[in-house]
Ligand SMILES: Cc1cc2nc3c(=O)[nH]c(=O)nc-3n(C[C@H](O)[C@H](O)[C@H](O)COP(=O)(O)O)c2cc1C
């Protein structure tokens with residue numbers, strides 16, 4: 001399956017089968033985690049698999065998830081940020097989303113869970129004393145499709161709602177984007193997941209780059225949203241044989257409404 005198709009079909013799984021992952025699937029998960037830990041180390045981020053799902057769930061119920069609604073799973077992958085920085089959250093998300101695409105190949109479903117507002121005590125009891133975890137991935141087998149051809153996808157904004165030309169107040173002309181050969185890429189990018197599906201990313205075309213901003217920045221959850229969209233921008237580009245790199249411009253400052261994250265070539 002191409003990255004385009006993956007993104008179009010990607011959706012969060014929140015009602016897992018109560019069955020544990022098989023031993024061979026657990027081995028695959030462990031090997032994916034250990035490969036990615038080698039990359040994320042640079043940002044002092046480490047992923048850990050917790051197989052006693054009910055222990056994690058019980059410790060965080062009422063505290064983790066949207067409005068304290070924890071997602072129940074038999075296994076969780078915790079994103080442990082050992083030294084907090086904006087970069088650590090952005091790249092921690094980047095790598096965790098890359099993990100999701102790898103788990104999908106083994107038919108393992110997942111859902112991001114924010115626990116950024118849970119107490120230190122509850123995190124300590126969930127993760128053997130570690131409290132530097134703000135985000136989790138609940139993982140497991142998806143239930144069988146309900147039938148009737150029903151797919152429960154979350155809605156998405158239009159390309160013109162998050163891609164701008166020259167400045168944040170000028171929506172991009174889709175014909176122009178088409179001339180650059182980037183209309184498809186942005187159309188798929190809309191399917192990137194985000195906190196509460198708020199899709200807070202804004203891309204501004206400036207000469208040879210796009211500058212990425214977050215609208216109405218509300219905290220670390222939005223840094224995760226940024227890292228995820230950066231990952232998919234890179235993957236979709238490489239699927240089109242374009243090698244892109246994210247970098248930070250030092251002449252851009254934040255405004256009341258927009259937080260600058262990073263820039264990319266195309
Ligand atoms: C950083 C982040 C945190 C999230 N936290 C939760 C959560 O706590 N509970 C939940 O049900 N979904 C959570 N989600 C899932 C999003 O709500 C979901 O990805 C988004 O609504 C898009 O829906 P889809 O994944 O089905 O396409 C989170 C997603 C992200 C990116």
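Checked against the criterion of being over 19 Å from residue 221 (Cα atoms) and surrounded by fewer than 23 Cβ atoms within 10 Å (Cβ to Cβ), the stretch 74-88 contains one or more residues that satisfy it. Close contacts from the stretch 225-238, counting a first residue that is closer than 19 Å to residue 181 by Cβ and a second that is within 16 Å of the ligand (Cβ to nearest atom) and part of a helix (DSSP H, G or I), with Cβ to Cβ under 6 Å and a gap of 6+ residues or different chains, come to 232/189; 235/3; 236/3; 236/188. Look at the stretch 194-205: where a residue is closer than 15 Å to residue 220 by Cα and touching a residue at least 60 places away in the same chain (Cβ under 8 Å) and a partner is more than 10 Å from the ligand (Cβ to nearest atom) and outside any helix (DSSP H, G or I), sitting 6+ places away or on another chain with Cβ atoms under 9 Å, you get 195/218.
Results for (1) outside any loop (DSSP other than H, G, I, E, B); (2) closer than 30 Å to residue 66 by Cβ, shown as yes or no for each residue.
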{"residue": "178", "(1), (2)": "yes, no"}
{"residue": "187", "(1), (2)": "yes, yes"}
{"residue": "205", "(1), (2)": "yes, no"}
{"residue": "214", "(1), (2)": "yes, yes"}
{"residue": "217", "(1), (2)": "no, yes"}
{"residue": "223", "(1), (2)": "yes, yes"}
{"residue": "230", "(1), (2)": "yes, yes"}
{"residue": "263", "(1), (2)": "yes, no"}
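The residues listed here are 140, 109, 92; of these, the one that is closer than 27 Å to residue 38 by Cα, away from the ligand (no atom under 13 Å from the Cβ) and at pLDDT 95 or above is 140.
Criterion applied to 102, 124 was being free of Cβ contacts under 8 Å to residues at least 12 places away in the same chain and outside the structural domain of residue 234 (by TED's automatic domain parsing), and the one residue passing it is 124. Each residue in the stretch 93-150 was checked for being in contact with a helix residue (DSSP H, G or I) (Cβ under 7 Å, 6 or more places away or on another chain), assigned to a helix (DSSP H, G or I) and within 17 Å of residue 79 (Cβ to Cβ), and 11 pass. If the condition is being loosely packed, with under 11 Cβ neighbours inside 10 Å and touching a helix residue (DSSP H, G or I) at 6+ places or on another chain (Cβ under 6 Å), then the stretch 228-266 contributes no residue at all.
The values are calculated or read from the model by the stated rules, or taken from the named source; none is laboratory data. Since we're looking at a predicted model, the values are computed, not measured. Note that each Cβ is placed from the backbone with ideal geometry, even for glycine, and that neighbours are counted across all protein chains shown.
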